[in-house]
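Here the structure comes first, spelled out in structure tokens, and everything after it is commentary.
The values are calculated or read from the model by the stated rules, or taken from the named source; none is laboratory data. Please read these numbers as outputs of a predicted model, since none were measured by experiment. Here the Cβ positions follow ideal geometry from the backbone for every residue, glycine too, while neighbour counts run over all protein chains shown.
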Amino acid sequence: MSLAQTTGRGGAGRRSARPSRLRAYFTVDGWGLLILPLVVFLAVIFVVPLGMLIAKSFTDPTLGLDNYREIFAESLYLKILTNTFVIALSVTAVTLLLAYPYAYLMTIATPVWRTVLLLLVLVPFWTSVLVRSFALVLLLRDTGVLNTIAQDVGLISEPFPIMRTMKGVIFGMVQVALPFAVLPIYATMRNIDTRLTKAAQGLGDRPSGAFWRVFVPLSMPGVAAGLLLTFIQALGYYITPAMLGGPKNTMIGELIVQQVSTVLQFGFAAALAVLLLSTTFVLLAIASRFMNLERMLMGRS
């Protein structure tokens, strides 16, 4: 057999193998049809409305890019966009500072205390965001619990303003976002083999050095997942900033609701929503360049 014939057959084999692999990839057996209702459901409640939203952002009130030009032409809207990212970054940073030691404490605690710590995270997680926000209003307002106690013990002479400030917004959003950071960090930490840090100490490293050189790098996938979930959620928060913040701390979620319910500019609100969605996808694309999102969010290797 000649070399040309061998090469020809090999090329034909590779070409025929490609369609067969594609057919195998897209082939659905009888059990696979069970996913069909879910696909239809997602198409009806997500894909179709999303397509309508994108179309409205370009067609209402006139066809073109006027809605998007207005977003970047008005300084007020640019300030709201800046507020949104500054608050989201601040919430993410504070959440990490609180979530990491808490998750580590859950890792080293006894089973009983681990259960207690887990419940302290999950009980607020199971409570409505609206209920928690109302509770924070009662806690943080000028005549609330914190200011009343501080005045009674003599720490302050007059109420310390927390409501309607960025501090109050960050405080409330961190309280809502904390479970989304604690749980993925803890899930990663509990799978770390503690013998690795003991081996590092056996080789002469101090406990603190073993923690920072061995344990912390191994926990980074959980940290990255928690940060990603926290930041993306914080970009679209509405209830907590609306109840705890003020006009100077308006976020893009509040602006969208205002445009729909008060001003009735549906096309402009749709453009804001598309901008927020596009930002989320861009962040996910950038993050996927540096980390394995499938492994972090779905537990796959």
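With the requirement that a residue be within 26 Å of the chain's Cα centre (by Cα) and among the hydroxyl-bearing types (Ser, Thr, Tyr), what does the stretch 48-102 give you?
Ser57, Tyr68, Tyr77, Thr82, Thr84, Ser90, Thr92, Thr95, Tyr100, Tyr102
Here is a yes/no grid of residues against (1) at pLDDT below 80; (2) surrounded by 10 or more Cβ atoms within 10 Å (Cβ to Cβ):
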| position | (1), (2) |
| --- | --- |
| Ser2 | yes, no |
| Ile45 | no, yes |
| Val48 | no, yes |
| Leu63 | no, no |
| Tyr68 | no, yes |
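Hey, can you tell me all the residues within the stretch 70-111 that are modelled with pLDDT under 90, aliphatic (A, V, I, L, M) and touching a Phe, Trp or Tyr at 6+ places or on another chain (Cβ under 7 Å)?
Within the stretch 70-111, Ile71, Leu78 qualify.
Do you know which residues across the stretch 232-245 are touching a residue at least 60 places away in the same chain (Cβ under 8 Å) and more than 16 Å from Gln175 (Cβ to Cβ)?
Leu235
I want to confirm something. Restricting to the stretch 259-289 and keeping residues that are modelled with pLDDT under 85 and of a type in the set (Gly, Ala, Ser), which single residue is surrounded by the most Cβ atoms within 10 Å (Cβ to Cβ)?
Per the stated criteria, the residue is Ala287.
Given (1) of a type in the set (A, V, I, L, M, F, W, C); (2) under 16 Å from the mean Cα position of the chain (by Cα); (3) closer than 24 Å to Ile170 by Cα, where does Leu275 come up short, assuming only one miss?
Leu275 satisfies every listed condition except (2).
So that you can scan it fast, the table gives a plain yes or no per residue for (1) over 20 Å from the mean Cα position of the chain (by Cα); (2) part of a helix (DSSP H, G or I); (3) outside the structural domain of Lys248 (by TED's automatic domain parsing); (4) surrounded by fewer than 20 Cβ atoms within 10 Å (Cβ to Cβ):
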{"residue": "Asn147", "(1), (2), (3), (4)": "yes, yes, no, no"}
{"residue": "Gln151", "(1), (2), (3), (4)": "yes, yes, no, yes"}
{"residue": "Gly154", "(1), (2), (3), (4)": "yes, no, no, yes"}
{"residue": "Phe160", "(1), (2), (3), (4)": "yes, no, no, yes"}
{"residue": "Val176", "(1), (2), (3), (4)": "no, yes, no, no"}
{"residue": "Ile185", "(1), (2), (3), (4)": "no, yes, no, no"}
